[in-house]
Structure formats: C-alpha cells, structure tokens
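The values are calculated or read from the model by the stated rules, or taken from the named source; none is laboratory data. The structure presented is a predicted model; accordingly, all values stated were derived computationally and were not measured. Every residue, glycine among them, receives a Cβ derived from its backbone with ideal geometry; neighbour counts consider all protein chains shown. Surface areas here come from the heavy atoms of the whole protein model, side chains and all, with no ligands, DNA or RNA. Shrake-Rupley method; radii C 1.70, N 1.55, O 1.52, S 1.80 Å.
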Amino acid sequence: MNKTAFEKEVGDLTSIRLEPLKTIQLPEITSPSRSMSDSDNQPSYRETIKVTRNGLHDIEDRILRITGYYGYYPGYSSHRREEGSESHAETPASEASGERSQCQSCASAVLKVLGGLLVVLFVSSSWVGTTQVVQLTFQSFSCPFFITWFSTNWNILFFPLYYSGHLVTTREKQTPIQKFRECSRIFGEDGLTLKLLLKRTAPFSILWTLTNYLYLLALRKLTATDVSALYCCHKAFVFLLSWIVLKDRFMGVRIVAAIMAITGIVMMAYADGFHGDSIIGVALAVGSASTSALYKVLFKMFLGSANLGEAAHFFSTLGFFNLIFISCVPFILYFTKVEHWGSLSTLPWGYLCGVAGLWLAFNILVNVGLVLTYPILISIGTLLSVPGNAAVDVLKHEVIFSVVRLAATCIICLGFLLLLLPEEWDSVTLRFFATFADKKGEEHGEELTESSGHTRSRSRANGTVSIPLA
C-alpha cells in the first residue's frame, strides 16, 4: 500500500517515540553483595535521561516541520530551550551587575557631596581670610589699588599650578606649549593672538581690577561683614543682566530675590542715616557687586563655559595683561600722591603676600570646585563668608551690629538663597508634594483596612455583626 508523506512522518514519529521508552531502564538499588561488574553493565540514569531528551527534541522538530510552523528551522525547539536556560542563567548575573552599578553610583554621589562640603569650607575660609587680612593690611599700608595690582599679578601662577596637577594626575603627558595651545581654544579656534589678547582680555582685566579695587575701598569704610553681605548682591545683578542681555528664562522667585537684595542695600545704607562713610561704603560695595555681575555676564556671552584648563589659561592671561599694561597705574597714583607707599623695604610684604595668596587660593578653589562638585555648593561657600566675617568681627574686633544691619544682612542672604533655586523648582516641588500626598493616602487606606479588620474580629468574638450605616 502506498502511504502519503504525512503518514510516513507519523510512522516515523511513533517509532522514534517508542525507541527511548524501550531503552529506558530505571536504576536499581544494588545490594552490598552485588558485584560491581553487574552494576557497570547497566546504563546510568543521566544517560537514559539524555536519550529521552534528545528523542523529545526530535519529535518536536518533526511536528513543527509537518505543521508548517512559520519561521521554523531544524533544531528550533532545542535551540529555544538552550536560549531559555542561558537567559535564566544570566539573569542573576545581570541583576548583580545592576546592583553593583547602583552601589557605585551612590558611592560616587556621596564622595562628590563630601568633597563638595570640603570645598565649601575651604572657599568660605579663603574668602574670610582675604577680607580680614586686607583690613589688617590697611592699618599700616592704605593703598588699595597697589594691593589690587599686586594680587592680580599672582594670577599668572594659575596655569603653571594647573599644569603641575596635569602631570601628576594624567597618564598622557603633554608639553607645556601643547597644553597651553590646547587651553587657548577658549579665545577661538585660532588660539590666542595679540589682537584677541587686546580685544578679549582688556575688558575683563579692567572689570576684574574695578571689582577688586571697589571691594577694597568699601572695606575702608564698612566692616567686613557688611561688605561681604553687600557683595552677595552680585547674584541678583547677574540674574537681572542675564534676563535683559542674554534673554534667560524669567522666574518670579528670582525677581523676588532681586527685590530683597535691593531692600537689603537700602536698609544697610539707612542704618547710619544716609550720611557719612556708611553711604559711601555701601555705594562702593554695590559698585563692586555690579562690576562682578557684568564680568560674569560678558564672560558667558563672549567666551561661554570653560573647563578647568581653559579657566587656568584665562586667569594667567589676565595676570599677564595686568603686569604688562596696568603696571603704569600704581606709579601714576604714586607720583600724584593719591597712594604713597614709601620705599620698597618698608612695605608690609607679609600681609601683601598673604592677601595675594589667599585671593589666588579662592579663585583656584572656585574653579576646581565647579569641576569636582556641584556649582550650588560653591555659591553656598561664598555666602558662608558672611557669618564667618561676622564671627571674626564680633570676637576679635568687638563690633556691635545694630538691628537694622542684622535685618538687612539676613534679607540679602535669604535673597541669595532664593537665587540658588533651579529653574524647574516649582514643578519639582509640586511633584514632591503629589508623591507625599499619595503616600499619605496609601498609609491612611492601610490604617482603615486594619481598623475594619479589628472591628470585625471584635464583633465575631462578641457574637454580633456590625452593619455599616448608609
């Protein structure tokens, strides 16, 4: 009789299915008296299971081919089982690697925060030290522009210090000229030229000198606490200029912070009745904050953001420009008897080097901190200089602050903190309160279910049934 292909396949299936059953022999429990040769002649349990599995794989392959399964290829079922076993085997490893990556990210975030706190401490300490040493210098040497010029010259050391750190921390070494050319891209693709030096560096050098000079002049009129608090208003001026010039996003909370800063300035000027050295000192401190804000906005407009190497290059260029082109100003002030410092041997070089070193350390810490940690922590470090200077003024100089000055300082600091809020702070706050309300609702629902369960158990124990009222 002629059989169709389908019947042949079915016949083959039945024969293949019966073969492993004939070969399967259950393992027998051998007695101690049984010889080892008899047990060796019997097939092992693993071999019989393996034969059965191969038979099942062949049967499934035949069925899939007969039924015309879409996308079938020989060994499909066994291949799928092997893939399944491999995926199940890899799942614990992938979970372990995921947990390990999460632990590493958490550890890096914790280290970044801890490093940021150290940078905050160093930033605030260096700025407090600079302000206090300047006031000590004024007791024997009252020449603020000479101090400004001398301290700015120390910015030349910024790039050599950065290159030294580059040699220590990186494996791929570069020559100083190669690194200098690489970092000079902040001025453009062509690097630093004489035209760019005069065009880009001159405005920033003038603003830098004005900021520091006005700050030192204000320290001759006011206490260190008042000047550092008024200087914190530069954050509000940066927002206003960025909103007007750079067309940054409008934020109502930052407008409120700017109004608070202006209110603090007015209250600080009103503390002594709008007369005497107080109003002049307030005007000088506000002028220093204004030029600092203009410096930062113009830097963002023309040069954009800079990495640590580019910042070191820029600061060293500022110091070089100050040494070459602004060195004539101290001599002009000397011969016009605006600032008279006597002979070089009588100058307080210890105080001068202390001011310049602390100022350089402050600038280095600010730029390094922006790379190593969060920028908001650096701003907080600048703000902490206000209570630091207040503590020194009270403990060492025995300064007594009036209520108006304390209120003005607190208002300015509060406005500074409001300016540190991120742009999406409102949506983040609403999302936080929404999640908090959801958690509260879930906890309240769980408490209701638990209380209803307790009432049911009590009613059953008392033989009564509680019927809820409609």
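Residues being in a loop (DSSP other than H, G, I, E, B) and in contact with a Ser or Thr (Cβ under 9 Å, 6 or more places away or on another chain) are represented in segment 323-339 by at least one member. Residues considered: Ala236, Ala224. Of these, the only one that is under 24 Å from the mean Cα position of the chain (by Cα), of a type in the set (A, V, I, L, M) and crowded, with 23+ Cβ neighbours inside 10 Å is Ala236.
Only one entry in Val368, Val394 is in a helix (DSSP H, G or I), open to solvent by less than 80 Å² (accessible area, probe 1.4 Å) and without any contact (Cβ under 8 Å) to a residue 24 or more places away in the chain, namely Val394. Which residues, counting only those in segment 107-117, are open to solvent by 20 Å² or more (accessible area, probe 1.4 Å) and touching a helix residue (DSSP H, G or I) at 6+ places or on another chain (Cβ under 9 Å)? Correct list: Lys112, Val113, Gly115, Leu117.
Within segment 239-260, how many residues turn out to be open to solvent by 60 Å² or more (accessible area, probe 1.4 Å) and charged (D, E, K, R)? Total meeting the criteria: 2.
Residue selection: Thr225 fails the criterion of being over 22 Å from Gly129 (Cβ atoms) and of a type in the set (Ser, Thr, Tyr).
Out of curiosity, is Ser385 closer than 30 Å to Ser402 by Cα, out of contact with any Lys or Arg (no Cβ under 8 Å at 6 or more places or on another chain) and not hydrophobic (A, V, I, L, M, F, W, C)? Spell out how you get there, then give the answer.
Numbers: closer than 30 Å to Ser402 by Cα: yes; out of contact with any Lys or Arg (no Cβ under 8 Å at 6 or more places or on another chain): yes; not hydrophobic (A, V, I, L, M, F, W, C): yes.
Yes, satisfied.
Report, by residue number, each residue of segment 340-364 that is in contact (Cβ under 8 Å) with a residue 60 or more places away in the chain, open to solvent by less than 40 Å² (accessible area, probe 1.4 Å) and not in a helix (DSSP H, G or I). Correct list: Trp341, Leu347, Pro348. Determine whether segment 329-337 contains at least one residue that is under 22 Å from Leu360 (Cα atoms) and either more than 34 Å from the chain's Cα centre (by Cα) or open to solvent by 20 Å² or more (accessible area, probe 1.4 Å) (or both). Within segment 329-337, one or more residues are under 22 Å from Leu360 (Cα atoms) and either more than 34 Å from the chain's Cα centre (by Cα) or open to solvent by 20 Å² or more (accessible area, probe 1.4 Å) (or both). Number of residues in segment 185-210 that are part of a helix (DSSP H, G or I) and without any contact (Cβ under 8 Å) to a residue 12 or more places away in the chain equals 6.
Considering segment 261-282, and only residues there that are of a type in the set (A, V, I, L, M, F, W, C) and open to solvent by 40 Å² or more (accessible area, probe 1.4 Å), the residue that is nearest to Lys296 (Cα to Cα) turns out to be Ile262.
In summary, Trp127 fulfils each of the numbered conditions (1) buried (at least 22 other Cβ atoms within 10 Å of the Cβ); (2) among the aromatic types (Phe, Trp, Tyr); (3) assigned to a loop (DSSP other than H, G, I, E, B) with the single exception of condition (3).
Hey, any hits in segment 238-246 for a residue that's farther than 23 Å from Ser205 by Cα and assigned to a helix (DSSP H, G or I)?
yes
Can you tell which of Ser164, Ser151 is at pLDDT 95 or above, at negative phi and among the polar types (S, T, N, Q)? Give the derivation first.
Numbers: Ser164 fails: at pLDDT 95 or above.
Just a single option satisfies the conditions, and that option is Ser151.
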